[in-house]
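Asker: Just dropping this structure here.
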Amino acid sequence: MKRIMLFASGSGSNVENIAQYFEGDDRVEIRGVLCNNPGAGVVDRCKRLRLPLYCFNRPAYVEGEGILALLEGLNPDLIVLAGFLWKIPESIIAAFPDKIINIHPALLPKFGGKGMYGMHVHQAVINAGETESGITIHKVNEAYDQGSILLQKKISIEAGDTPEALAKKIHALEYAHYPPAIASLLFE
Ligand code: GRF
């Protein structure tokens, strides 16, 4: 049995999609979802999906070793960031080397780094006049959005595409590719 932990800050549609993908697969257990925002949409999704949810505030995250101790106790084979906005503390990266992955809604190394999240990314891509965007699944290291790239998939941007339209296309790519990428990391 492989254990995964999910981290999310927002709506959690990727969390739901990943949970559905592995539902009924007795080789994989979602040990829980960590969330830094009790008002986030992911909280209701976890209740509905009966996923164990752990909410925390910034002091619990950055001071002391609370979250690290929790993770060590749950002992995941893979930590999956799915729209998680806070930087991962070095203590957690050191405790889970090569075991933390993220999905970014653009083609890194472009349009990454601090402040590049959610609609800001899609707006920046459109402002730059790009003709394509996509997703990047990558390992997480100490620098935002700079870990080694595992997978990229592209979509084209049509004239007149709004950030919302782009977000919709990107989410479709995420739903198609994130769960199988997780499975291949766990089993290959
Ligand atoms: C996704 O676009 C993901 O790439 C980014 O944050 C977004 C999360 O969306 N890191 P959701 O909360 O899973 O709907």
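The values are calculated or read from the model by the stated rules, or taken from the named source; none is laboratory data. Just so it is clear, the model here is predicted, and its values are computed rather than measured. Here Cβ is always computed from backbone atoms with ideal geometry, including for glycine, and neighbour counts include all displayed protein chains. To get the accessible areas, we keep the full protein, side chains included, count just its heavy atoms, and leave off ligands, DNA and RNA. Shrake-Rupley method; radii C 1.70, N 1.55, O 1.52, S 1.80 Å.
Asker: Can you give me the number of residues within region 142-159 that are over 21 Å from residue 175 (Cβ atoms) and surrounded by 17 or more Cβ atoms within 10 Å (Cβ to Cβ)?
Answerer: The number of residues fulfilling the criteria is 2.
Asker: Still on this model: If you go through region 22-68 one residue at a time, how many are within 16 Å of the ligand (Cβ to nearest atom) and β-branched (Val, Ile, Thr)?
Answerer: Result for region 22-68: 4.
Asker: Out of region 74-116, which residues are more than 16 Å from the chain's Cα centre (by Cα) and basic (Lys, Arg)?
Answerer: 110
Asker: Quick one: would you say residue 60 is assigned to a helix (DSSP H, G or I), touching a helix residue (DSSP H, G or I) at 6+ places or on another chain (Cβ under 9 Å) and modelled with pLDDT under 95?
Answerer: Yes: the conditions hold for residue 60.
Asker: Only residues that are open to solvent by 10 Å² or more (accessible area, probe 1.4 Å), without any contact (Cβ under 8 Å) to a residue 60 or more places away in the chain, in contact with a Leu (Cβ under 8 Å, 6 or more places away or on another chain) and not in a helix (DSSP H, G or I): list them for region 16-42, please.
Answerer: 30, 31, 36, listed by residue number.
Asker: Taking residue 176 as the residue in question, decide whether it is open to solvent by 20 Å² or more (accessible area, probe 1.4 Å), touching a Lys or Arg at 6+ places or on another chain (Cβ under 9 Å) and of a type in the set (A, V, I, L, M).
Answerer: Judged against the criteria, residue 176 is a match.
Asker: Could you tell me which residue of region 96-131 is nearest to residue 183 (Cα to Cα), considering only residues that are open to solvent by 40 Å² or more (accessible area, probe 1.4 Å) and away from the ligand (no atom under 16 Å from the Cβ)?
Answerer: 99
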